[in-house]
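The values are calculated or read from the model by the stated rules, or taken from the named source; none is laboratory data. Since the model is a prediction, treat every value here as computed from it, not as a measurement. Neighbour counts run over all protein chains shown; Cβ positions are idealised from the backbone, glycine included.
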Amino acid sequence: MKIGILGAGLSGISLAYLLQENEKIDRIDLLEKADNPGGLCRSHPFAGIGCDVGPHIMFSKNAGVLDLMVQLLGDNVHKLHRSNRIFHDGRFIKYPFENELSALSAPERDYCLNSFLNNPYAPYPPQSMLQFFLATFGEGITNLYLRPYNEKIWKFDPAFMDTQMVERIPKPPPEDIIKSAQGVSTEGYVHQLHFFYPKRGGIQSLLDAFHRKLGNKVALHTGAHVQKITRSGSAWQVLDSAGPARTFDRLISSIPIPELIARLDTGVPPEVRKAAENLRFNSIAICLIHVERERMGDNFAIMVADKDILFHRISKLDFLVPEEDRDGTTRIMAEVTYRAGDRISRLSDQEMLHQVVEDLARLGFIEGREVVRAQDMFRQQYAYVIYDLDHRRNMRTLRDYCEGQLGLLLHGRFGEFEYINMDAVIEKSMKRSREILGAVNA
Ligand SMILES: Cc1cc2nc3c(=O)[nH]c(=O)nc-3n(C[C@H](O)[C@H](O)[C@H](O)COP(=O)(O)OP(=O)(O)OC[C@H]3O[C@@H](n4cnc5c(N)ncnc54)[C@H](O)[C@@H]3O)c2cc1C
C-alpha cells in the first residue's frame, strides 16, 4: 500500500513515524511546499537562538504523549516552571488572572470578587464564548481581562465565537477566588505549571528528532507545493510543483482545508466550497527584539490586553535557554495577530517593528530605542483557528464530503481546523495511525 500525506508539519511527520513500521505499508510520501519540514514547529534563528512561531512549550495531560516528546529529545530537553504575568493598569498580575485578584486596585478587586460571588449569569447555559466567560467568572473578571484580551488575540468579538475552545475550562471554586482576593494566590491551569522545552534549537529540535526517526520507507519531498488532487476509482493522483503526478492508495491531508478544497479536482459541490471559504483564521507576526537590558521582571510571558498596545503577548526567550548559555542580554518576542485586510495586516514589517519597540518603551518594559541591539520579524499566514458561530456547521459539511464521501482523511491543526496544540496533534496521529493500520490489516 502507498500512502500520501499532504504537509510535513508535526501532524504529517508524526503520522508517518507511527505508520512506517507496518509491513503492509510499502511506501509513505510526505509532500511539503516549504523548503524544510516543520510548519508551525519551525524555529527561526535570531541573535544566537531558535525562535518559534510563538514560544512552543511542551505540556500534556496525556503522559504517553509527553513521554514520547521528551524521550525523542534525549539530552536536549529541560523542565521549566511557568512564570507568566498579565500586565494590567501598570501592574503585574499572576496568570491566570483570577488567581491573583489581590494584585488589582481595591475597587477592581472588589468588582471582580463581588460579581463572581453574586453572578446573575451563572444559571444560563452559555451559547457563546462571551456568555461562557460571564457565566463562569462573572462580569468583573470578564470585563477587566477576559473580554479585552480575547478580542485582541482573536480580532473577533467573543459574542460571535463558539464555546468549543473554552467549555473545558473548569469553574473556579468560590473559596479559591475569595483567597485570591485576600492575597493568598493559587495556581490555575496546573497541567501547564511545569513544562518542557528543548535546551537548544527551539521547538524545531522536536520536529527534527521525529524527522531523524523516519526510515527508508518514508520519502519527504520538500518544495513540493500540492497543485491538483484527483481520484480515479479508489486511487488518488496528486500533482505537485516538484515533479510528475504521484499515485496513492490512501491520502491524508494536513494542509489547511481552504487550500485543500481549492486543489481538489473531484467535482466539489458549491456548498462544500462555501464552507471552506467561510472558515475563519488569524495570521500572526512574530517580532523579535534583542535588547541590552529590560525592566520586565523575572517573568517569561506577559499578556497585555490594552488595545492601544500592538502585541497581545511578549516573551523573554532567554528564560527558555539553559543558564550557562545566557549572556545577560534579552531576546524579546512580541506576538501580533491580524486578519487579511484589517488595519494591522496593512502595516509593513518596518512599521510593525517600530510600533512594537515604541509600545515596549511606553509600557516601561525597556528604556527606549537606544537599548535595542537587533530586530527581525516573520509572519505565519495560518496561525489561529477562530471558532466563530458557524465553525461547527462548516466543519460538518467539510468532513462529510472529504472523509465521508471521498475517504480523504483530514488531520492536524488546520487540516481539521481545530485549535490543537502539539500534544493533541500527536495524540490524533496515534489515533489516526491505529485507524489506518486497522483498515490495512483487515
Ligand atoms: C502562535 C502559536 C503558538 C503555539 N504555541 C504552542 C505551544 O506552546 N505548545 C503547543 O503544544 N502547541 C503550540 N502551538 C500549536 C502547534 O504549533 C500546532 O499544534 C502544530 O504545530 C500543528 O502542526 P500541523 O502539522 O497540524 O500543522 P502545520 O504546522 O500548519 O503544518 C502544515 C504543513 O502543510 C504545509 N502546506 C500547506 N499548504 C501546502 C500545499 N499546498 N502543499 C504542500 N504543503 C503544504 C505547510 O507548509 C506546513 O508545513 C502554537 C501555535 C501557534 C500558531
Within segment 201-233, the residues that are touching a residue at least 24 places away in the same chain (Cβ under 8 Å), in a loop (DSSP other than H, G, I, E, B) and away from the ligand (no atom under 11 Å from the Cβ) are GLY201, GLY202, LYS213, LEU214, GLY215, LYS217
Segment 249-293 - residue that is part of a strand (DSSP E or B) and away from the ligand (no atom under 14 Å from the Cβ) and, of those, farthest from ASP29 (Cα to Cα)
VAL291
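Among the listed residues ILE261, ILE255, which satisfies the condition of being over 30 Å from PHE46 (Cβ atoms) and modelled with pLDDT of 95 or more? Before you say what the answer is, go through the steps one by one.
Working: ILE255 fails: over 30 Å from PHE46 (Cβ atoms).
Answer to the check: ILE261.
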When restricted to MET333, MET296, MET303, MET352, the only residue farther than 15 Å from CYS51 by Cβ and touching a Leu at 6+ places or on another chain (Cβ under 8 Å) is MET352
What do you reckon, is PHE59 aromatic (Phe, Trp, Tyr) and either more than 13 Å from the ligand (Cβ to nearest atom) or surrounded by 23 or more Cβ atoms within 10 Å (Cβ to Cβ) (or both)?
no
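Of the residues GLY64, GLY50, which single one is part of a strand (DSSP E or B), over 19 Å from LEU410 (Cα atoms) and over 16 Å from the mean Cα position of the chain (by Cα)? Steps first, answer last, please.
Working: GLY64 fails: part of a strand (DSSP E or B).
Exactly one residue qualifies, and that residue is GLY50.
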Exception for CYS112 within (1) away from the ligand (no atom under 13 Å from the Cβ); (2) outside any strand (DSSP E or B); (3) exposed (fewer than 14 other Cβ atoms within 10 Å of the Cβ); (4) at pLDDT 95 or above falls at (3)
Give me a count of the residues in segment 361-382 that are touching a Cys at 6+ places or on another chain (Cβ under 8 Å) and within 16 Å of the ligand (Cβ to nearest atom).
1
So, first residue more than 19 Å from LYS316 (Cα to Cα) in segment 70-90, second residue part of a strand (DSSP E or B), Cβ within less than 6 Å, six or more apart or across chains; the pairs are VAL70/VAL77; VAL70/PHE196; LEU73/PRO198; ASN76/PRO198
Inside segment 201-235, can you point out the residues that are under 20 Å from SER429 (Cβ atoms) and among the hydrophobic types (A, V, I, L, M, F, W, C)?
ILE203, LEU206, LEU207, ALA209, PHE210, LEU214, VAL218, ALA219, LEU220, VAL226
Of the residues in segment 383-439, those that are within 16 Å of the ligand (Cβ to nearest atom), buried (at least 19 other Cβ atoms within 10 Å of the Cβ), of a type outside the set (A, V, I, L, M, F, W, C) and within 23 Å of ALA340 (Cβ to Cβ) come to TYR384, TYR387, GLY412, ARG413, GLY415, GLU416
Failed item, numbered, when ALA106 is tested on (1) farther than 16 Å from LEU320 by Cα; (2) touching an Asp or Glu at 6+ places or on another chain (Cβ under 8 Å):
(2)
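Going by what's in this entry, would PRO270 be described as touching a residue at least 40 places away in the same chain (Cβ under 8 Å) and surrounded by fewer than 20 Cβ atoms within 10 Å (Cβ to Cβ)?
Numbers: touching a residue at least 40 places away in the same chain (Cβ under 8 Å): no; surrounded by fewer than 20 Cβ atoms within 10 Å (Cβ to Cβ): yes.
Considered against the rule, which asks whether it is touching a residue at least 40 places away in the same chain (Cβ under 8 Å) and surrounded by fewer than 20 Cβ atoms within 10 Å (Cβ to Cβ), PRO270 comes out as no.
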Of all residues in segment 362-378, count the ones that are surrounded by 16 or more Cβ atoms within 10 Å (Cβ to Cβ) and either outside any helix (DSSP H, G or I) or not β-branched (Val, Ile, Thr) (or both).
7
Within segment 30-46, can one find any residue that is near the ligand (Cβ under 9 Å from one of its atoms), in contact (Cβ under 8 Å) with a residue 40 or more places away in the chain, crowded, with 20+ Cβ neighbours inside 10 Å and under 18 Å from ARG313 (Cβ atoms)?
yes
